[in-house]
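Structure first, then comments.
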Amino acid sequence: MKQKLLSCLKLVFINLLFLLNQYSYAQTSNLWVVLNPNAGGLDQVDEDISINNGFVNQNYSSGNITCSQSSNGDDLVYSIAYIGDDFDNNGINDQVSFNLRIKGYVGATYNYNTEPNMSSVTDYGTQSDITLIGNTWGVSGDFDIDAGESLVYNIENLTVNGINLDFTHSIGFSVVNLIEPNGGRDHTMIFGFGNNLKSFEMDYNQSISPLSTDSSFSVTGAGSPTTITRDFAISSLTFYIEIKGPNDTIWDVTDYSTFEKGPSLYHDYPVQTEPKTTLPKFSWNKIPRWVAVRNKNAFSEDDVTSIANNYQLVMLEKANQQGFEYIEDGIENAATRIKALNPNLTTLFYYNTYINYFNYEANIEYNTNATNWSTYENGEIYLFKDLYYWYNHDIEDMRNWWIDTCVDMANLDVIDGVFVDKIINPDNNGDLYDVNGNPINNYVSMLSDLNDKLPSNKLLVGNTLRNERSGGVRALMEIMDGSYLERWDFPSKNQSDANAIALSIQLMREALHKGKMINLQTNPSYSTEEEEPTDNDELLAYAKEHVKFPLAVFLIIVEEHAYFSYTTGVNAASSSSDLWNTSFIDEFHYFLGEPLGDPTKNGYVYERSFENLDLWVNIETKETIYNWKDETILSLDDTSDGFYETITLYPNPVNNTFSLSKKIKSATVFNILGKEIMSFSKNQNQYDISNLKSGVFIVKLTFENDKNKNIRFVKK
């Protein structure tokens, strides 16, 4: 009895915590402003000012940005206004206005120190004029910043709709672009004012960050230690404005397919108009899962049964001989055994786009041509880790051999597609095609030709999307049916870990909205920096303890064709300690149910509700709240058909009555504290709750087989 009471109190606490957290964060919007010196002046071009709200990157030509430039004594002032966001969700775009004031000084009192955070600027000296020459900022009549000269930037008078009553904000300078207007090297400078300041030395045009987390930023020239004086100038500045709306606003994270992602992602790609039947069978009954696995020896019968019963997709990794001489035979054998138990499970053949791993039968041909196929223009044969041949994609015969290897495996009835690893960006700009519509290089040509030559219903999936790479490698999604995602918390330059995760979330949701498959790869290290235990029992507990955060990220992004993997490694050999199969984790066997809507995002806090789960996660602190309404461990029979087929309560929110999409035996309505409010003893066309006050409720449905299901609803 005591244990039951404690369980009830725990459920009440979690429900209250979930609801409190749901409304404790205001909507947060970030604006990244990139400003070049000529913005607002006579020589301005559209690209001299751009503002990115995390979705769309707009420049002056958008019509949503105004900028003017004026002098106020020796000060240079930029007056900027932006109307591209609806911060309070009232259907009308709000106007953000602010000034950027720049002051120039000569004769600073400073001390430059090469030790980190040991420099100082104690007096800027005498104010001087700002010069704009060649779209750069300089001081005192020339186009650079000499020793003892300073530029001081301040953002002032920020308002939203002319006032600042309903909104709070923070400002920071994130990137400054420095150039050498007359060449040279060893340019030294100090950032900020006071003591214990950052110092920097540059030898070529460079971008520096982060700079400050408030509305002011300054740089003071410290000269050059070389005999020839060379100086630097500033060619552009990037700063961000974080605006928090009123506490009752919630931003719906909806269709990402129309959005640009983060400050610098580009290259849109088309919707997948004809989903292939080889895509994994998808169900909302339980968390959809996939696994990558390999074994030099044959999988045990238990391994094959577990793969067949617990996963919708298996990627058969390299080094998968399965007791055969060659990997191709091993993968075919493993796929055949798995398909015999679950014909609907999707199988992928692994192949690397750059590294020639050992033990493929195809290597018999490669090894006879390796001198040509791995030799580059400098005459050197490239090796990966001084061991494996590195493909030269400029060799047409090599490309054709590589494509044929993939196509031969995809032609097997038991192989549903090809997974290609070590995907790189097409080029520095992420472009897939040149101006004439041809592949930008031979690497892209190889992947494009593979896509064309694969059997029409076979999948091409790559280790493609990467937040930290230019454009997110989004262009290649045009020729891919889906993307594997790893390193989704790895930040690019100028990013925090939380921003990297937020951007990866957007990349994944965009792909899913465009009909692409997402295979999210995770492990406990995404939650913790704790060292992985070597003891088997401790390793199991470690995996269970740290699953919640990566699983929460997946549940925020999940749509049809999304699959989750959580392992400590892929090696299924009996001698390996890898936990490649984590089906022992209870959460993987709870009923999930369809999402009740898109996720919502408030700053770094995301929320989402499913039929059997309310979820809250802070991607910055990695805190999670899971409110499972029913934690019954489902058998295979429970999740195949019948009881856990979708049942919908509609409309939700409810005015006075709701309906159910399936017949029930009875229904009981509880308030959020678990107190019974009303009940219905039989199936009805409509359920009248007009006597209830507005609020959040849970209805417990009982079916003819006496099994139960809880649905959360809102009474208006």
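Peptides 150-162, 112-124, ordered by how many other C-beta atoms sit within 10 Å of their residues on average, highest first, read 150-162, 112-124.
When the chain is described by a simple charge dipole with +1 on each Lys and Arg Cβ and -1 on each Asp and Glu Cβ, the residue from TRP402, THR600, ASN205 located farthest towards its positive end is THR600. Rounded to whole numbers, the Karplus 3J(HN,Hα) couplings from phi for the range 58-70 are 10, 10, 4, 5, 5, x, 9, 10, 10, 8, 10, 10, 8 Hz, using 6.51 cos²θ - 1.76 cosθ + 1.60 with θ = phi - 60°, and x at Gly and Pro. The alpha-carbon of LYS296 sits under 13 angstrom from the alpha-carbons of these aspartates and glutamates, leaving out residues fewer than 8 places away in its chain: GLU317, GLU325, GLU328, ASP329. Modelled spin labels at SER61 and TYR326, positioned 7 Å past Cα toward Cβ, are 5.4 nm from each other. Among the trypsin sites (Lys or Arg not before Pro) in the range 653-700, those placed in a DSSP loop whose Cβ has at most 10 other Cβ atoms within 10 Å are LYS675, LYS682, LYS693. Remark on ASP94: its backbone amide H falls under 5 Å from those of ASP85, ASP86, PHE87, a criterion applied only to residues 5 or more positions apart or on other chains, H modelled at 1.01 Å from N. With the simple spin-label model, which puts each label point 7 Å out from Cα in the Cβ direction, the GLN684 to LYS544 separation comes to 4.3 nm. For the residue pairs LYS682/LYS707; LYS281/LYS700; LYS665/LYS707; LYS286/LYS548; LYS286/LYS622; LYS662/LYS707, alpha carbon separations beyond 19 Å are given by LYS281/LYS700; LYS286/LYS622. Placing unit charges on each Cβ (+1 for Lys and Arg, -1 for Asp and Glu) gives the chain a dipole about its Cα centre, and among GLY40, TRP628, SER527 the Cα reaching farthest toward its positive end belongs to TRP628. Against the main long axis of the alpha-carbon atoms of the chain, helix 536-545 sits at an angle near 70°. In the chain, a dipole from Cβ-located charges (positive for Lys and Arg, negative for Asp and Glu) runs towards its positive end, and of GLY323, THR238, SER492 it is GLY323 whose Cα lies farthest in that direction. Database remark: amide H of LYS198 closer than 5 angstrom to the amide H of PHE191 (H placed geometrically; neighbours at sequence offset of 5 or more, or on other chains; Pro and chain starts carry no H). Listed by chain and number, the aspartates and glutamates placed with their C-alpha closer than 14 angstrom to that of LYS198 are GLU115; residues fewer than eight positions away on the same chain are left out. Volume per residue for the range 28-249 equals 126 cubic angstrom (convex hull of Cα atoms). Around the amide H of THR657, modelled in the peptide plane, lie the amide H atoms of ILE689, all under 5 Å away and 5 or more residues distant in sequence or on another chain.
Using the Karplus relation 6.51 cos²θ - 1.76 cosθ + 1.60 with θ = phi - 60°, the per-residue 3J(HN,Hα) values for the range 620-634 come to 7, 8, 6, 6, 9, 10, 10, 10, 7, 6, 9, 9, 5, 7, 8 Hz, with x marking Gly and Pro.
When the Cα gyration tensor is reduced to axis lengths a ≥ b ≥ c, the ratio a/c stays below 1.5 for the range 382-493, which is therefore classed as rounded.
Got the relative contact order for the chain handy, in percent, Cα pairs under 8 Å and 6 or more residues apart? Relative contact order comes out at 10 percent. Couplings for the range 499-505, taken from phi via the Karplus curve 6.51 cos²θ - 1.76 cosθ + 1.60 with θ = phi - 60°, read 5, 5, 5, 4, 5, 5, 4 Hz in order; Gly and Pro are left as x.
Its relative contact order, with pairs defined as Cα atoms under 8 Å and 6+ residues apart, puts the range 647-715 at 35 percent. What angle, in degrees between 0 and 90 and rounded to the nearest 10, separates the Cα long axis of helix 327-341 from the longest principal axis of the Cα atoms of the chain? Tilt relative to the chain: about 50 degrees. Ellipticity at 222 nm from helices only: DSSP H runs of n ≥ 4 in the chain, each -39500 (n - 2.57), divided by the residue count, give -5500 deg cm²/dmol. Taking every C-alpha pair closer than 8 Å and separated by at least 6 residues, the mean separation divided by the residue count of the range 366-495 gives a relative contact order of 20 percent.
The orientation-averaged projection of the convex hull spanning the C-alpha atoms of the range 57-109 amounts to 5.9 square nanometres.
First check a/c for the chain, with a ≥ b ≥ c the square roots of the eigenvalues of its C-alpha gyration tensor; if it is under 1.5, answer rounded, and if not, answer prolate when a/b is larger than b/c or oblate otherwise. Taking the square roots of the gyration eigenvalues as a ≥ b ≥ c, the chain is oblate. Axis of helix 301-310 versus longest Cα principal axis of the chain: the two differ by about 70°, to the nearest ten degrees.
Throughout, read-outs are computed from the coordinates displayed, never taken from laboratory work. Predicted model only: the values in this text are computed from it and were never measured. Positions of Cβ are generated from backbone atoms using ideal geometry, with glycine treated the same way; all protein chains shown enter the neighbour counts.
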